[in-house]
Amino acid sequence: MIEFRDVSFVHQNGVRALDGVSLRVEAGEFVALVGENGAGKTTLVKHVTGLLKPVSGSVLVDGVDTREASTAQLSRKVGVAFQNPDHQLFSETVEEEMSFALRNFGFPPELVRDRVSWGLELFGLGEYRRSSPLILSGGEKKRLTLACILAWDPQVVMLDEPTVGQDAIQKEKLAGTIQMLKSAGKTVVVVSHDIEFLWPIQPRVVVMKGGRVVGDGPATAIMQDRDLLGSARVAQPQLVEFYQELHRRPGTPFVHPLDAARWAEEAMRP
Amino acid sequence: MADILKVEGLSFRYPDSPKNAVSDFELSIPEGEIVVLAGPSGCGKSTLLRTVNGLIPHMYGGEYSGDVLVAGSSVKRSSMRDLAQTVGFLFQNPENQIFMFSVERDVAFGLENLGVPREEMRARVDEALRLLRIGDLAQRAPHELSDGQKQRVALAGVLAMRPKLVILDEPTSLLDPKTASELVALVARLRKELGTTFVVVEHRLDLLVGVADRLVVMDGGRKVLEGTPRDVLFRDEAEAHGVAVPAVTKVQKLLAGRDAGRAAAGRLLTPSGLASAVEGRQA
């Protein structure tokens, strides 16, 4: 579905943001990109949408080279919620914001109305329907950009730091939304520093450092690799750290606090 | 110790808004504390912060009642200029506060505005750059930096003013985990060395609970919980108010219910501390 073939990218100021990245994400996969600030994660996302084109190598989305596809073609397939929602919001009302792309993609008016209501409801934004997006809190703006994207139902959903500004309840809903997208067969790519958010939803984890992919594998394997994570300035999930600190290891790391507590209770029994 | 921040019966409603953003709010923060302010998005945290740095009521219209005292002076009656020397504010989005052509100039901006002498300014800027480990970025243009680097530049600009009270609005949200824990360690060190008071709005509590003296939870514009991080996070209501109880604290709490012994000890345990407690080793 998404394929990076030995992709390099150099910014105008000479900074090499991607350095020979090869990566294949299959349709329906759920991938988390982690790594230190400046590792190239956002640059990678911008290559999938065609906002940036590789200096060398190629990026294929659904078999099409991004150099040969228009931004409009790509954006119908790939929806991205960027880190900073202020770069994405421009309409007078929340409702208008959500309708904009849908109308551009040629959805009929009644479908636009339905999709807008569905998105506002799903993300708890119904009360702001006729408000300006500018009055929303940081977390609410993030949810609005996400609602806008899901409304046009792209095959690939990319979320750049989606948990920033979200409280625990919203994060849980977001995790639920990701599960929903997964079960609908969508390809989901999440860029996040929020390891505690990622751990329970168990993505395939791709670790980036200095423009390269330095680790790639299931969450359980990657999150136990202290050396790899340390070199990429990524923290371990608390439950993995707890599990690794135990002298009598129970087998696989705990994914949920309840599992950890149940196990610990057994261990503490005299 | 004197209260650096005192909020007295504060209510505020934005123009054209049907409801108060902040209601009947009371808070006293003694000098030198690290206080974490948490709560669901849209709960009024950002509004409360604006009443402390003076943006409300000086730059916003709306209905304001009650009072906010910073270092004993009413924000309503203080000029923005005076407040800028007492209260430092790091916005959620660093792009809102960095705009000069070089990092160095940006960090010096607030000091220049106050007319701080050149040499002192140099020293303070260098110190701030060193504290945030961004000395190598001094000559770079802020717009070329990553978001995490921008965050550090903005914070350096705040610290260069040597404020008594620093408000950080989700300071770690754009930082990688290691950089985020370094920032938290930096906050703890500045509090210790300079006696600076910090109010931190943050959802990622796992990083902060180890250094915070107090956790205040807001919901619907009101204060709903207040206490030590351990007391608040062990309360059953905490999660209902959108507080992100760290995973290891959830485990500690679940164990405390059954075994009131080691795991229920008065302080919050780290993952390795909890592992030791479970195995009966010395933490």
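Restricted to segment A:1-105, the set of strands (runs of 3 or more DSSP E) holding at least 1 residues that are within 14 Å of chain B (Cβ to nearest Cβ) comprises A:2-10, A:16-25, A:30-35. For segment B:1-17, give me each residue that is assigned to a strand (DSSP E or B), within 19 Å of B:Glu63 (Cα to Cα) and not acidic (Asp, Glu). Those that are assigned to a strand (DSSP E or B), within 19 Å of B:Glu63 (Cα to Cα) and not acidic (Asp, Glu): B:Val7, B:Gly9, B:Leu10, B:Ser11, B:Phe12, B:Arg13. Among the residues of segment A:168-208, just one is under 20 Å from B:Ala38 (Cα atoms) and of a type in the set (S, T, N, Q), namely A:Gln170.
Quick grid of which residues meet (1) farther than 12 Å from A:Ile149 by Cα; (2) outside the structural domain of A:Gln170 (by TED's automatic domain parsing); (3) among the small types (Gly, Ala, Ser):
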site	(1), (2), (3)
A:Met98	no, yes, no
A:Arg103	yes, yes, no
A:Phe107	yes, yes, no
A:Arg113	yes, yes, no
A:Val116	no, yes, no
A:Gly124	yes, yes, yes
A:Arg130	yes, yes, no
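Taking the criterion of being under 22 Å from the mean Cα position of the chain (by Cα), of a type in the set (Asp, Glu) and more than 12 Å from chain A (Cβ to nearest Cβ), the residues of segment B:101-153 that qualify are B:Asp106, B:Glu127.
Any residue in segment B:74-83 that is within 14 Å of chain A (Cβ to nearest Cβ) and either in a strand (DSSP E or B) or surrounded by 22 or more Cβ atoms within 10 Å (Cβ to Cβ) (or both)? No, that holds for no residue. Against the numbered list (1) among the β-branched types (Val, Ile, Thr); (2) within 14 Å of chain A (Cβ to nearest Cβ); (3) buried (at least 23 other Cβ atoms within 10 Å of the Cβ), B:Val166 comes up short only at (2). Here segment B:175-211 is the region considered, the condition is being out of contact with any strand residue (DSSP E or B) (no Cβ under 7 Å at 6 or more places or on another chain) and of a type in the set (Lys, Arg), and the residue that is nearest to the other protein chains (Cβ to nearest Cβ) is B:Lys178.
Of the residues A:Leu120, A:Leu146, the single one that is of a type outside the set (D, E, K, R), touching a Pro at 6+ places or on another chain (Cβ under 8 Å), in a helix (DSSP H, G or I) and buried (at least 21 other Cβ atoms within 10 Å of the Cβ) is A:Leu146.
Within segment A:117-130, can one find any residue that is out of contact with any strand residue (DSSP E or B) (no Cβ under 9 Å at 6 or more places or on another chain), without any contact (Cβ under 8 Å) to a residue 12 or more places away in the chain and away from chain B (no Cβ under 14 Å)? Explain how you work it out, then say what you get.
Of the residues in segment A:117-130, the ones out of contact with any strand residue (DSSP E or B) (no Cβ under 9 Å at 6 or more places or on another chain) are A:117-130.
Okay, now just the ones that are also without any contact (Cβ under 8 Å) to a residue 12 or more places away in the chain, so A:117, A:121, A:126-127.
From the residues that got through so far, the ones that are away from chain B (no Cβ under 14 Å) too are A:117, A:121.
Looking through segment A:117-130, at least one residue is out of contact with any strand residue (DSSP E or B) (no Cβ under 9 Å at 6 or more places or on another chain), without any contact (Cβ under 8 Å) to a residue 12 or more places away in the chain and away from chain B (no Cβ under 14 Å).
Kindly indicate whether any position in segment A:201-208 is within 28 Å of A:Lys182 (Cβ to Cβ) and not assigned by TED's automatic domain parsing to the domain that holds A:Leu23. No, every residue in segment A:201-208 fails to be within 28 Å of A:Lys182 (Cβ to Cβ) and not assigned by TED's automatic domain parsing to the domain that holds A:Leu23. The selection criterion, being hydrophobic (A, V, I, L, M, F, W, C) and more than 10 Å from every other protein chain (Cβ to nearest Cβ), holds for A:Val188.
The values are calculated or read from the model by the stated rules, or taken from the named source; none is laboratory data. Note that this is a predicted model, so its numbers are computed, not measured. Quick reminder, even Gly has a Cβ in these numbers, built from the backbone with ideal geometry, and neighbours come from all protein chains shown.
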